[in-house]
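Asker: Next up is a structure, given as structure tokens.
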């Protein structure tokens, strides 16, 4: 028995000893792996972004995460105009985006393979859990202060078998684990992942059902129900509140959300995540409309006022995670 096998026996149950190789072969769709992250769990994190999300938040900063399938994107500002094609990629991309019938779309698949600067590329690739965890393990020397693996997305629970394999292998490698989730999933999925999670970063967007559905495409009943069950099991939950102008960033909205959370849950640690505009270029790269393009970032005074609201309800508040 290898040392890895023995750790799996301790952390994942004896039934997994013979299944180590099978765990490593479980596949999923990953669209990014980011190192040296400091806002997605304790310590220094390696964030693994899983593709696919059941929500469609109008302000989403990662629109490339919504579809589970790989997508072709063109970041035209990084195009080097290599001259390999009769029609430059940005020109052809723009004509397709405007609705013109241009017989170059199939050609873009080949172009992505030939692009020297990576401006035209696929977002999302099939990986097995073993390959992902090997990349995470390379960062283990930097986890001395409690860092580790964070699964994010998208919504990691939309790929439950892949998420479980990654978390189980991380625990076998004695790596701290965290997962960011919208909470919109079957309780059984969360329950199966709980034994392998040291921290759950749970996004709470709004407690008003109609407003939640209007701006995310989904009702929030399941989300609140799952959060309640996590609370009852004393799960290691850290609330994360995205502050979105035009959706939930008014003092009235935040008082309602904070009041609800204080009355319903025992969690008293919350991260406030102010809206940012870093996702704007991604919409153009994917040829999608940016529904939140006209909204500006909150001022420091507005964020500070919201922070005081949460503190008034007895929460320990961190800005930015």
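Asker: For residues that are touching a helix residue (DSSP H, G or I) at 6+ places or on another chain (Cβ under 7 Å) and assigned to a strand (DSSP E or B), scanning just region 257-275, find the one that is farthest from residue 201 (Cα to Cα).
Answerer: First, the residues of region 257-275 that are touching a helix residue (DSSP H, G or I) at 6+ places or on another chain (Cβ under 7 Å): 258, 264-267, 270, 272, 274.
Remaining after also requiring assigned to a strand (DSSP E or B): 270, 272, 274.
Details: 270: 9, 272: 12, 274: 16 Å.
The residue in question is 274.
Asker: Report, by residue number, each residue of region 92-114 that is at pLDDT 85 or above and either buried (at least 16 other Cβ atoms within 10 Å of the Cβ) or closer than 30 Å to residue 295 by Cβ (or both).
Answerer: Within region 92-114, 111, 112 qualify.
Asker: State the number of residues belonging to region 138-167 that are out of contact with any strand residue (DSSP E or B) (no Cβ under 9 Å at 6 or more places or on another chain), in contact (Cβ under 8 Å) with a residue 12 or more places away in the chain and assigned to a helix (DSSP H, G or I).
Answerer: Of the residues in that region, 2 qualify.
Asker: Check residue 118 against each of (1) over 30 Å from residue 88 (Cα atoms); (2) surrounded by fewer than 21 Cβ atoms within 10 Å (Cβ to Cβ); (3) touching a residue at least 40 places away in the same chain (Cβ under 8 Å); (4) more than 18 Å from the chain's Cα centre (by Cα) and name the one condition it does not meet.
Answerer: The failed condition is (1).
Asker: From the set of residues in region 207-252 that are in contact with a strand residue (DSSP E or B) (Cβ under 8 Å, 6 or more places away or on another chain) and in a helix (DSSP H, G or I), which is surrounded by the most Cβ atoms within 10 Å (Cβ to Cβ)?
Answerer: Ranking the qualifying residues of region 207-252, first place goes to 227.
Asker: Additional query: Mind telling me which of the residues 247, 267 ends up being under 19 Å from residue 60 (Cα atoms) and within 22 Å of the chain's Cα centre (by Cα)?
Answerer: Values: 267 fails: under 19 Å from residue 60 (Cα atoms).
Just one listed residue meets the conditions, 247.
Asker: Considering only residues that are in a loop (DSSP other than H, G, I, E, B) and either surrounded by 13 or more Cβ atoms within 10 Å (Cβ to Cβ) or in the same structural domain as residue 151 (by TED's automatic domain parsing) (or both), which ones fall in region 70-80? Spell out how you get there, then give the answer.
Answerer: Going residue by residue through region 70-80, those that are in a loop (DSSP other than H, G, I, E, B) are 70, 75, 79-80.
Hits for region 70-80 are 70, 75, 79.
Asker: Quick one: how many residues across region 289-313 are in contact with a helix residue (DSSP H, G or I) (Cβ under 6 Å, 6 or more places away or on another chain) and either loosely packed, with under 13 Cβ neighbours inside 10 Å or in a loop (DSSP other than H, G, I, E, B) (or both)? Lay out the reasoning, then the answer.
Answerer: We begin by selecting, within region 289-313, every residue in contact with a helix residue (DSSP H, G or I) (Cβ under 6 Å, 6 or more places away or on another chain); these are 290, 306, 309-310, 313.
Remaining after also requiring either loosely packed, with under 13 Cβ neighbours inside 10 Å or in a loop (DSSP other than H, G, I, E, B) (or both): 290, 313.
Residues that pass the stated criteria total 2.
Asker: What number of residues within region 17-42 satisfy the criterion of being in a strand (DSSP E or B) and surrounded by 20 or more Cβ atoms within 10 Å (Cβ to Cβ)?
Answerer: Here is the first cut: in region 17-42, the residues in a strand (DSSP E or B) are 27-37.
Those still in the list that are surrounded by 20 or more Cβ atoms within 10 Å (Cβ to Cβ) too: 28-31.
Number of matching residues: 4.
The values are calculated or read from the model by the stated rules, or taken from the named source; none is laboratory data. Values in this document were obtained by computation on a predicted structure and should not be read as measured data. Glycine gets a Cβ as well: all are built from the backbone with ideal geometry, and neighbour counts include every protein chain shown.
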